[in-house]
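Working notes, structure below.
The values are calculated or read from the model by the stated rules, or taken from the named source; none is laboratory data. Remember, predicted model here, so these are calculated numbers, not experimental data. Virtual Cβ from ideal backbone geometry, glycine too; neighbours counted across all protein chains shown. Heads up: the accessible areas ignore ligands, DNA and RNA and are worked out on the full protein's heavy atoms, side chains in. Shrake-Rupley method; radii C 1.70, N 1.55, O 1.52, S 1.80 Å.
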Amino acid sequence: MLSNPHCPIIAIEEHYWDPELAGTFTGLEAPKGGEIDKRLYDFADLRIKEMDAAGVDVQVLSHGAPSAQKLPADTAAVMTRAVNDRLAAQIAANPKRFAGFAALPTSDVKGAADEMERAVTRLGFKGVMIHGTANGEYLDDRKFWPIFERAEALDVPIYLHPALPDPRITDIYLKDYVKDFPLVVRPAWGYTIDTATQAIRLVLSGVFEKHPKLKIILGHFGETLPFLLWRIDSSLKRPGQKSLEFRQIFTNNFWLTTSGFFSDPALLCCVMEMGVDRLLFAIDWPFVIDNRPAVEWLSRIPLSGEDKVKIASGNAKRLLKM
Ligand code: MN
């Protein structure tokens, strides 16, 4: 029997696959049909059984990468609406155990902003998730800002989730090691490079000055950025540069999750840089295929009971209005 943290547990980066959307994934991202895929398509016995076995009360569901980020502009909005409708129906069938982040058809910017509003106001989604770049473009480009404007107006967070980096980047940085270590372009390093870059670019772009109430969630303890915060902030304050309060923006507009990263030293770094109110529990099931070690870790993290409750569910209830 597990010793859980004696409070509800809400895990907020838990994935599923929609057959139609996952059917559009190609190459390295295509479904492979293994144990992970089996879980991604399941909303019933397997998923609930494994939540119960670990003591996870609620999964906030989101599509797996690259979600809707690679759909062509002319069809993205229509397909994503259907994807979100189907997820909303799964959540409605089991509302005590599931909530969700909507997918967003980013290649159609107005369609994406409108779909966010529809998903939040009509379907009850708690926010949206974006996976990596939008067809190879980073989202800080001004043409994407209507998405951030709408998220601020709706007061819902945007979860910036990794996807496979652009092959030009992985070729230069990592090609020599992909054969022996295929995961080096994924969670071992590639995802981190891409998602941290996207987050830094967003801060540099000035979007948070324009939309000061914009809320961004990063998984994986902030993709290394809390550890680097002092250095980034102090470097960007050296002479000869535009004025930018990197630290202030990062600690005001970003929230972090524990997805796929169950480490006390990393946790304590994030608590020291961001404060405990900014940290939310997530597992990254089923890419992390067993929920139990994550919950066991949560039950023994070196923080007070009160702080543990905040991470386990209190902060999620507040940020996601659950
Ligand atoms: Mn994930």
Subset of region 175-192 [closer than 26 Å to Ile283 by Cβ, of a type in the set (A, V, I, L, M, F, W, C) and away from the ligand (no atom under 16 Å from the Cβ)] = Phe181, Val184
Pair list, Cβ < 9 Å and 6+ apart or interchain, from region 104-124 residues that are on the phi > 0 side of the Ramachandran plot to residues that are hydrophobic (A, V, I, L, M, F, W, C) and modelled with pLDDT of 95 or more = Gly124/Ala88; Gly124/Ile91; Gly124/Ala92; Gly124/Ala99
request  = Look through Ala93, Ala65, Ala73 and report the one residue that is within 16 Å of the ligand (Cβ to nearest atom) and surrounded by fewer than 22 Cβ atoms within 10 Å (Cβ to Cβ).
outcome  = Ala65
remark   = Checked pairs for region 130-147, first open to solvent by 50 Å² or more (accessible area, probe 1.4 Å), second β-branched (Val, Ile, Thr), C-beta under 8 Å and 6 or more apart or across chains, list as Asn135/Thr106; Lys143/Val109; Pro146/Val109
task = Considering (1) within 16 Å of the ligand (Cβ to nearest atom); (2) part of a helix (DSSP H, G or I); (3) open to solvent by 50 Å² or more (accessible area, probe 1.4 Å), say which one Ala294 fails and leave the rest.
result = (3)
ask   = Looking at region 139-153, is at least one residue farther than 24 Å from Gly206 by Cα and of a type in the set (Val, Ile, Thr)?
value = no
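Report whether or not Phe98 is open to solvent by 30 Å² or more (accessible area, probe 1.4 Å) and of a type outside the set (Asp, Glu). Before you say what the answer is, go through the steps one by one.
Working: open to solvent by 30 Å² or more (accessible area, probe 1.4 Å): no; of a type outside the set (Asp, Glu): yes.
Against the criterion (open to solvent by 30 Å² or more (accessible area, probe 1.4 Å) and of a type outside the set (Asp, Glu)), Phe98 does not qualify.
When region 157-201 is examined, which residues are found to be touching a residue at least 60 places away in the same chain (Cβ under 8 Å) and surrounded by 15 or more Cβ atoms within 10 Å (Cβ to Cβ)? Don't jump to the end; show me each part of the working.
At the first step, the residues of region 157-201 found to be touching a residue at least 60 places away in the same chain (Cβ under 8 Å) are 157, 159, 161-164, 187, 194-195, 198, 201.
Residues satisfying the conditions are Pro157, Tyr159, His161, Pro162, Ala163, Leu164, Pro187, Asp194, Thr195, Gln198.
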inquiry  = Where the second residue is among the polar types (S, T, N, Q) and the first is buried (at least 23 other Cβ atoms within 10 Å of the Cβ) and lies in region 311-322, which pairs have Cβ atoms under 8 Å and are six or more apart or on separate chains?
reply    = Ile311/Thr258
inquiry  = As an exercise: evaluate Gly55 against (1) touching a residue at least 40 places away in the same chain (Cβ under 8 Å); (2) surrounded by fewer than 24 Cβ atoms within 10 Å (Cβ to Cβ); (3) in contact with a Phe, Trp or Tyr (Cβ under 9 Å, 6 or more places away or on another chain) and give the number of the one condition it does not meet.
reply    = (3)
note = Given (1) without any contact (Cβ under 8 Å) to a residue 60 or more places away in the chain; (2) within 16 Å of Glu14 (Cα to Cα), Pro239 misses just (2)
remark   = Heads up, the helices (runs of 4 or more DSSP H) in region 158-236 (entirely inside) with at least 1 residues that are farther than 30 Å from Pro146 by Cα and basic (Lys, Arg) are 167-178, 225-236
